[in-house]
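Only the coordinates and a few stated rules stand behind these numbers; no lab work does. It should be emphasised that the depicted structure is a prediction, and the values quoted were computed from it without experimental measurement. As a convention, Cβ positions derive from the backbone with ideal geometry for all residues, glycine included, and neighbour counts pool all protein chains shown.
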Amino acid sequence: MGQGNGSAMALTLLICLFLIQSGMAQARVYTVGDAQGWTFNVTSWTRGKIFRAGDVLAFNYPVKAHNVVALWTNKVAYNWCLKTRGSKVYQTGKDRIKLVKGDNFFMCSFPGHCKAGMKIAIKAL
């Protein structure tokens, strides 16, 4: 193997590492509900946004007033506002949740909150 082949291999490896790093760096953080935070009637907040797997949703809300339940791919539970076994409950008031590829469903499980519009569905590419 000549020296030129070794240099080409090293350059290819560096380019691959750069592409991997830049892909990781492109993950975005979205604050759910923008300035008003995680609250009622945020379902339209997702309009015009393109979400990708690895992006992070920041849920900001008053502790003891709300929570966030990640239903992941359970559309039936989302539609009916049902917390199911395997759902993860967040309740810090400053929750950060990484999106998975495909459907991601979130709701507040405080009585009446989900049915009053405190839920969002996000499809991540």
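Quick notes on this structure:
- Listed peptides 41-48, 78-85, 59-66 appear in the order 59-66, 78-85, 41-48 once ranked by packing, highest mean of other Cβ atoms within 10 Å at the front.
- Hydrodynamic radius (Kirkwood) for region 27-124, which is based on Cα pairs only, to one decimal in Å: 13.1
- In nm, spacing of pseudo-spin labels at K75 and F110 (7 Å Cα→C-beta vector): 2.9
- Computed from the C-beta positions of K123 and A65 and an R0 of 22 Å, the FRET efficiency is 0.20 to the nearest 0.05.
- Beyond 21 Å in Cα-Cα separation lie the following of the pairs K64/K101; K64/K123; K49/K83; K88/K123; K94/K119: K64/K101; K64/K123; K49/K83.
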